[in-house]
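To start, the structure under review is shown below, and the notes come after it.
The values are calculated or read from the model by the stated rules, or taken from the named source; none is laboratory data. None of the values given here were measured: they were computed from a predicted structure. For neighbour counting, all protein chains shown are included, and Cβ atoms are generated from backbone atoms with ideal geometry for every residue, glycine included. We work out accessible area using only protein heavy atoms, side chains counted, and drop any ligands, DNA or RNA first. Shrake-Rupley method; radii C 1.70, N 1.55, O 1.52, S 1.80 Å.
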Amino acid sequence: MGLNGGYSGFRILREGLSGNRGWRPAWRDPSPQPAYDFVIVGGGGHGLATAYYLASQFGEASVAVLEKGWIGGGNVGRNTTIIRSNYLLDGNQPFYEFSLKLWEGLEQDFNYNAMVSQRGVYNVYHSDAQRDAYRRRGNAMILHGADAELLDAAQLRAECPFLNFDNARLPVMGALVQRRGGTVRHDAVAWGYARGADRRGVDIIQNCEVTGFRIQNGRCTGVETSRGFIAARKVGCAVAGSSSRVMQAAGMRLPIESHVLQAFVSEGLKPIIPGVITYGGGHFYISQSDKGGLVFGGDIDMYNSYAQRGNLPVVEDVCEGGMTLMPMIGRARMVRMWGGIMDMSMDGSPIIDRTDIDWLYFNGGWCYGGFKATPASGWCFAHLLATDTPHETATAYRMDRFERGYMIDEKGSGAQPNQH
Ligand SMILES: Cc1cc2nc3c(=O)[nH]c(=O)nc-3n(C[C@H](O)[C@H](O)[C@H](O)COP(=O)(O)OP(=O)(O)OC[C@H]3O[C@@H](n4cnc5c(N)ncnc54)[C@H](O)[C@@H]3O)c2cc1C
């Protein structure tokens with residue numbers, strides 16, 4: 001079956017007038033080969049991006065992505081689509097800024113419309129102390145080459161007049177804004193990377209669950225799967241919320257817990273929200289999709305879980321946050337909600353590293369900020385897999401940092417994964 005050539009306006013018109021019968025799958029559906037140079041476990045954003053960059057940046061031709069379900073069925077298609085690089089710490093900021101720069105050129109790079117929309121991210125502050133902390137974060141961002149702007153209440157009111165300026169328990173005093181932050185259509189990211197990787201020869205194998213690792217003399221030689229054994233020169237795992245379960249099959253216990261995070265979407269409304277807005281007095285963030293739905297979320301469910309659905313107390317907490325920040329949201333009807341499994345690390349920062357088992361590599365611990373990291377994570381993991389050295393922006397994301405005491409605790413929350 002031929003693959004889709006492209007999506008020109010003329011083609012869309014022609015297909016629309018002829019019952020859309022001419023479209024073909026955007027990537028192949030190959031059977032697994034007995035052996036590859038690189039096997040990537042997990043066909044989420046990070047796994048697909050890794051395969052894409054292995055092929056496009058490092059010239060690797062023998063690559064397979066093994067996905068137990070379908071492309072885009074995990075968190076890459078479940079998140080609230082926010083991208084930003086407003087990080088404070090040295091270990092994080094260069095990596096997330098690298099990622100934002102990759103987002104800025106991504107659509108040209110993989111030739112797919114992912115609807116990258118740099119409409120700005122506003123972190124609202126509610127006290128003098130919080131403003132000072134945001135100022136410090138903004139300065140750190142600027143020193144690292146990112147953009148940041150501190151707005152006072154009058155400036156913020158001019159851009160977001162619907163916030164609760166006049167009657168709030170925690171007064172809205174202003175916001176730290178990153179104008180280059182914004183949103184990206186999440187599932188298009190999976191599809192764009194999948195199509196780009198496929199075109200460069202990567203085998204994307206769906207419905208192929210990795211059930212174990214073949215380890216001989218301290219060296220990983222391949223993976224056991226629901227479709228048989230697949231040999232590999234190197235194996236990279238990028239399975240997000242399933243990290244601890246999958247790596248357990250290699251005998252590893254990770255500094256990671258799994259928790260559910262929920263997302264919510266309202267009915268479609270006229271454009272009202274200029275960018276992404278986060279509440280500084282609790283946990284609530286919101287943006288508006290191009291279709292008009294308000295897309296929002298808050299805290300993770302605080303119980304460890306592998307279920308892709310959440311619990312009602314968090315729904316209430318998220319709605320309370322929304323009502324406090326912008327009471328007008330009480331008039332909107334919620335139409336959809338869902339959950340995804342987050343791989344929460346002990347310090348809130350990710351791991352991109354080798355493991356103690358030769359030729360087995362790990363990528364995970366993204367907490368609930370891993371979507372924005374997708375391009376850089378893929379690039380850095382591909383760099384590590386191809387060269388056996390960490391990319392310059394990911395040198396801090398080592399597995400042994402918890403042993404050595406070099407934590408990257410962006411929020412200063414301590415050793416509690418559910419707090420990050
Ligand atoms: C509700 C919600 C909102 C979020 N909002 C944001 C946000 O606004 N901004 C942001 O930056 N981040 C956000 N995140 C976090 C972000 O989505 C994740 O950190 C990121 O997507 C994780 O990486 P991934 O895309 O590779 O994960 P996934 O898409 O989950 O990919 C992992 C894949 O591994 C597969 N897998 C698991 N086990 C196996 C196995 N044994 N064999 C083969 N395959 C396997 C899974 O099926 C899955 O497809 C949010 C997450 C959720 C759930």
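A quick yes/no check of all residues on (1) within 15 Å of the ligand (Cβ to nearest atom); (2) of a type outside the set (Lys, Arg); (3) buried (at least 16 other Cβ atoms within 10 Å of the Cβ):
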site	(1), (2), (3)
15	no, yes, no
35	no, yes, no
45	yes, yes, yes
62	no, yes, yes
66	yes, yes, yes
74	yes, yes, yes
91	no, yes, yes
94	no, yes, yes
110	no, yes, yes
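Please verify whether segment 362-371 includes one or more residues that are open to solvent by less than 50 Å² (accessible area, probe 1.4 Å) and assigned to a helix (DSSP H, G or I). Within segment 362-371, one or more residues are open to solvent by less than 50 Å² (accessible area, probe 1.4 Å) and assigned to a helix (DSSP H, G or I).
Residue-wise test of (1) surrounded by 18 or more Cβ atoms within 10 Å (Cβ to Cβ); (2) within 17 Å of the chain's Cα centre (by Cα); (3) more than 10 Å from the ligand (Cβ to nearest atom).
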site: 191; (1), (2), (3): yes, yes, yes
site: 209; (1), (2), (3): no, no, no
site: 214; (1), (2), (3): no, no, yes
site: 222; (1), (2), (3): yes, no, yes
site: 229; (1), (2), (3): no, no, yes
site: 240; (1), (2), (3): yes, yes, no
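Taken over segment 372-405, the criterion of being part of a loop (DSSP other than H, G, I, E, B) and open to solvent by 30 Å² or more (accessible area, probe 1.4 Å) is satisfied by 388, 389, 390, 395, 396, 398, 399, 400, 405. Residues in segment 375-405 that are out of contact with any strand residue (DSSP E or B) (no Cβ under 9 Å at 6 or more places or on another chain) and over 23 Å from residue 57 (Cα atoms): 403, 404, 405.
Taken as a whole, segment 142-152 holds no residue that is touching a residue at least 60 places away in the same chain (Cβ under 8 Å), crowded, with 18+ Cβ neighbours inside 10 Å and in contact with a Pro (Cβ under 8 Å, 6 or more places away or on another chain). Taking every residue in segment 265-290 that is in a loop (DSSP other than H, G, I, E, B) and pairing it with any residue that is open to solvent by 20 Å² or more (accessible area, probe 1.4 Å) and not β-branched (Val, Ile, Thr), at least 6 positions away or on another chain, the pairs with Cβ-Cβ distances below 6 Å are 274/159; 275/119; 280/130; 281/170; 283/299.
One line per residue, one yes/no per condition, for (1) closer than 16 Å to residue 86 by Cβ; (2) out of contact with any Gly (no Cβ under 8 Å at 6 or more places or on another chain); (3) among the small types (Gly, Ala, Ser):
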residue: 361; (1), (2), (3): no, no, no
residue: 366; (1), (2), (3): no, yes, no
residue: 376; (1), (2), (3): yes, yes, yes
residue: 408; (1), (2), (3): yes, no, no
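Scanning segment 244-264 for residues that are among the hydrophobic types (A, V, I, L, M, F, W, C) and either without any contact (Cβ under 8 Å) to a residue 60 or more places away in the chain or more than 11 Å from the ligand (Cβ to nearest atom) (or both) turns up 249, 250, 252, 254, 256. Looking across 280, 298, one residue alone is modelled with pLDDT of 95 or more, buried (at least 20 other Cβ atoms within 10 Å of the Cβ) and more than 15 Å from the ligand (Cβ to nearest atom). It is 280. Condition first: closer than 26 Å to residue 258 by Cα, assigned to a loop (DSSP other than H, G, I, E, B) and either within 13 Å of the chain's Cα centre (by Cα) or of a type outside the set (Gly, Ala, Ser) (or both). Now tell me which residues in segment 44-72 satisfy that. Scanning segment 44-72 gives 44, 67, 68, 70, 71, 72. For residue 119, the criteria (1) at pLDDT 95 or above; (2) outside any helix (DSSP H, G or I); (3) open to solvent by 50 Å² or more (accessible area, probe 1.4 Å); (4) farther than 25 Å from residue 155 by Cβ hold in every case but one, which is (4). Among the conditions (1) out of contact with any helix residue (DSSP H, G or I) (no Cβ under 6 Å at 6 or more places or on another chain); (2) open to solvent by 10 Å² or more (accessible area, probe 1.4 Å); (3) not acidic (Asp, Glu), residue 182 misses just one, which is (2). Screening residue 328 with (1) open to solvent by 50 Å² or more (accessible area, probe 1.4 Å); (2) closer than 30 Å to residue 255 by Cα; (3) part of a helix (DSSP H, G or I) gives one miss only, at (2).
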